[in-house]
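Notes for the one structure printed next.
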Amino acid sequence: MASICVFCGSSIGKRPEYEAAARLLGTEIAKRGNRLVYGGAEVGLMGVVANAALEAGGEVVGVLPEALAAKELAHRSLTDLHIVGSMHERKAMMADLSDAFVALPGGIGTMEELFEVWTWGQLGYHNKPCGLYNANGFYGRMLAFLDFMEEEAFMKKTHRDMLLVGDNPTQLLDQIENYQAPVGHKWITRAET
C-alpha cells in the first residue's frame, strides 16, 4: 500500500469541477488500495477528497496543527488524525508519511506545500513523485510559467519533468506509479570566472 499525500484548498473554489475532481481523486486513491494523507480538515476540497476516499473504503490519515483543530476544522471520522504543534511539523509529518504528492486546486498554502516537496526532490532529499491534478485547466497558466522558467535557464528540463501533470486521477496516478526519479547532478550551475 502506498501513501499518497494530497495538497488542496480549504475552500471548494468557484467551479463545481474542482469538487468533482477532489471526489474522483479520493475515490481513485482508495480503489487502488492506497492510503490518503492530507491536512486533516473537514472543510473545502480537503474534506471532499477525504470523504471520497473513506466512502470508497480507503484509509485516510490527517495531519492538523493544534491552532486549526481548536477552530473545529478537524475531520473526526478519519482512520487516523495527528494533531501537531505547528505548520512546520505538519508538513514534515505529511512528507514522512507519504510516498508521493499530488496537488489539487488550491491557494497559496497548496502552492507552498507543492513547491517545497518538489524542491526537496530536486535537491535529492527524497525520490518521491510530485504531481499536479490539472482539474478544469486550473494549473494551465502556472505550467506555462514553469515552461518559461525552463526557457530562461532558471530550471533544468530534468527538474521541470519531475513535476507530473494529469487532467484526471487515473492518468496522474498511473504516472506516479511509474515514476523514476532523475539521477545525477542536481541544480547548481557555476558562474564563469
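The values are calculated or read from the model by the stated rules, or taken from the named source; none is laboratory data. Keep in mind that what you see is a predicted model, and the values were worked out from it rather than measured. Positions of Cβ are generated from backbone atoms using ideal geometry, with glycine treated the same way; all protein chains shown enter the neighbour counts. Keep in mind that these areas ignore ligands, DNA and RNA; they rest on the heavy atoms of the full protein, side chains included. Shrake-Rupley method; radii C 1.70, N 1.55, O 1.52, S 1.80 Å.
Structure above, values below:
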read-out: Built amide H within the under 5 Å cut-off of A103, gap 5+; value: F7, G131, L132, Y133
read-out: Cα long-axis angle, helix 16-31 against the chain (0 to 90 degrees, to the nearest 10); value: 90 degrees
read-out: Between helix 87-97 and the chain: long-axis angle, C-alpha atoms, 0 to 90°, nearest 10; value: 90 degrees
read-out: Solvent-accessible area per residue, Å², over the chain with all protein chains present [probe radius 1.4 Å]; value: 52 Å²
read-out: Hypothetical label at M93: residues of region 24-60 whose amide nitrogen lies under 18 Å (7 Å Cα-Cβ projection); value: 35-43, 46-47, 50, 59-60
read-out: Calculated from backbone phi, Karplus (6.51, -1.76, 1.60) coupling profile of region 118-125 in Hz, x at Gly/Pro; value: 5, 4, 4, x, 4, 7, x, 6
read-out: Sites matching GluC sites (Glu not before Pro) across region 90-193 that sit in DSSP coil, with at most 12 neighbouring C-beta atoms within 10 Å; value: E152, E192
read-out: Bins of 10 Å, starting at 0 and running to the largest distance - Cα pair percent for region 95-183; value: 17, 52, 30, 1
read-out: For the chain, calculated [θ]222 nm from helices alone, where every DSSP H run of n ≥ 4 adds -39500 (n - 2.57); value: -13000 deg cm²/dmol
read-out: Angle in degrees between helix 140-151 and the longest Cα principal axis of the chain, rounded to the nearest 10; value: 30 degrees
read-out: Long pairs among K31/K128; K14/K157; K31/K91; K71/K91, criterion Cα-Cα beyond 30 Å; value: K14/K157
read-out: Percent accessible area from carbon and sulfur atoms, region 102-147, protein chains only, probe 1.4 Å; value: 59 percent
read-out: Å³ per residue enclosed by the Cα convex hull of region 10-76; value: 66 Å³
read-out: Potential lengthening between M149 and N178 on full extension [0.36 nm per residue; Cα-Cα distance subtracted]; value: 7.9 nm
read-out: Dmax and Rg, reported as Rg then Dmax, of the chain (C-alpha, Å); value: 16.5, 60
